[in-house]
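Chemist: Please read through the structure below; I'll follow up with questions.
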Amino acid sequence: MSKRCVCPGCAAVYAVPAAQLLPGRMLRCFRCGDSWQEMAPAEQLADIATAPEPAAPEPPMPGPPLPDTAAGLRAERVVPAATRAPATAPRRPALTLALAWAVSVATVLGGGSVLVAGHHRVAQIWPASIRLYHAVGLAG
């Protein structure tokens, strides 16, 4: 037997097997990622008995049919905060960015030093570069 569960975030409808609706389990919507705790049928009856009379239902909005499967629904067990393992810090992109900058600077400096140290050979291969070397004082 399955129970109809509706996501409070996006109103997606899922048919969840009753065996998965254990006390303390959280449901997560596949569509929007919202999490909620679905109440057991006995708890729902108690809430209905104490709830005020609902207003007239609104007509459903036109649109595509909602999924009626539990394929996209994941269940999680609720773990008290005191027993949770501390979350590991995600890798910081600053280290990767600094490494990329260091490689870029080393490449530019290495290429520049090759052009300066071997300016005679560069001038032989590319005669138009002689004007550039004269401009920076490396003529000869």
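Bear in mind that the values in this text are calculations on the coordinates, not laboratory data. The structure presented is a predicted model; accordingly, all values stated were derived computationally and were not measured.
Chemist: Show me, for the stretch 115-125, the HN-Hα J-couplings you get by feeding each phi into the Karplus relation (A = 6.51, B = -1.76, C = 1.60, θ = phi - 60°), rounded to Hz, glycine and proline as x.
Modeler: Each residue's phi maps through the Karplus curve to give 5, 6, 5, x, 5, 5, 5, 5, 5, 5, 6 Hz.
Chemist: I need the phi-derived Karplus couplings for the stretch 100-105: 6.51 cos²θ - 1.76 cosθ + 1.60, θ = phi - 60°, integer Hz, Gly and Pro marked x.
Modeler: 5, 5, 4, 5, 5, 5
Chemist: Mind listing the long-range amide H neighbours of residue 26? Cut-off is under 5 Å, sequence gap 5 or more, other chains count too, H placed in the peptide plane at 1.01 Å from N.
Modeler: 76, 77, 78
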